[in-house]
1. If I ask for residues that are under 16 Å from Val124 (Cβ atoms), in contact with a strand residue (DSSP E or B) (Cβ under 9 Å, 6 or more places away or on another chain) and without any contact (Cβ under 8 Å) to a residue 40 or more places away in the chain, which ones from the range 183-226 would you list?
2. Just need a number here: residues in the range 109-121 that are in contact (Cβ under 8 Å) with a residue 24 or more places away in the chain and not in a loop (DSSP other than H, G, I, E, B).
3. How many residues does the range 62-77 hold that are assigned to a strand (DSSP E or B) and within 11 Å of the ligand (Cβ to nearest atom)?
4. Thr82 passes all but one of (1) surrounded by 15 or more Cβ atoms within 10 Å (Cβ to Cβ); (2) closer than 27 Å to Asp28 by Cβ; which number fails?
5. When the range 156-189 is examined, which residues are found to be outside any loop (DSSP other than H, G, I, E, B) and surrounded by fewer than 18 Cβ atoms within 10 Å (Cβ to Cβ)?
6. Among (1) over 19 Å from the mean Cα position of the chain (by Cα); (2) buried (at least 16 other Cβ atoms within 10 Å of the Cβ); (3) not hydroxyl-bearing (Ser, Thr, Tyr), which single condition is Gly192 missing?
7. Of the numbered conditions (1) under 14 Å from Ala132 (Cβ atoms); (2) within 16 Å of the ligand (Cβ to nearest atom), Leu101 satisfies every one except a single condition; which is it?
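Read-outs: derived from the displayed coordinates by stated rules, not from any lab. Remember, it's a predicted structure, so these values are computed and weren't measured experimentally. Cβ atoms come from the backbone with ideal geometry, glycine included; neighbour counts cover every protein chain shown.
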Amino acid sequence: MTEPYDSIAHDTYNKLLANSVTNPRLRDYFNTCFQNSIDHYGAYQCWACVACLRQGNATQGWGEPPSTCPKCHSRLIYEIATFQSRAPIVGNAFSSAFYYLMQEHFRLPLIATPGNTRTHDFEVTPEIAIEAKGSPSSVVNPDGTITHLDRPGMERSDTKKKAFDNARTYRQRNATGLFFVVSNAIPSDIVGYRNRDVTAVFDVTKVDRLQAMMTEIEDKIDLPSLRVRRGL
Ligand SMILES: [Zn+2]
């Protein structure tokens, strides 16, 4: 995995989940990992006025860009950190947070898939693939304002489509494997969803859903001996 995400997951886990794992604490854990990663990279919602910049003045602000510049009334206002710049940051934050939680609390030995495997982020064995699709629903900006982000996690149709396309590709190569999608934000129409390609979609902010995933894994493979082999 990668820094600073692993350290953020480790520190946040010790602070919030080391003593007890409950649904509210799980939600808090993932939200804190997202926010701390955004803080690290300064990927807040913020804007600048290019007309002012051209005049040698810096006019900028946090949060939603205004339609016109409050100083010069120009419409040449641009957002600095956009969805595209935030996406890899929150994606990595989610992956590290999920990996660390599963290892520490459930003793699940996950392997991050090598770069040439594009269908899923993790596997327990090649027979059990896990695609991680998580992102925050809001960001706290440095001035304390909150930016609400539309359609987090699997609520974004592009994200859902990508996960399901990946499941189809995995299924073409592996007819009997398990393909799980995990997210912190799951729209009501795919709660409990399964099809030929997707074995299950699990909400990582619910203890009973994570336990259900562990049960499916234990039914598929000899988990105790895998733990021994991986030294967990
Ligand atoms: Zn301006």
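1. Thr199, Ala200, Phe202, Ala212, Met213, Glu216
2. Residues in the range 109-121 being in contact (Cβ under 8 Å) with a residue 24 or more places away in the chain and not in a loop (DSSP other than H, G, I, E, B): 1 in total.
3. So the answer is 1.
4. In the conditions (1) surrounded by 15 or more Cβ atoms within 10 Å (Cβ to Cβ); (2) closer than 27 Å to Asp28 by Cβ, Thr82 misses (1) alone.
5. Ser157, Asp158, Lys161, Lys162, Asp165, Arg168, Thr169, Gln172, Arg173, Ser188, Asp189
6. So the condition that Gly192 fails would be (2).
7. (2) is the only condition that Leu101 fails.
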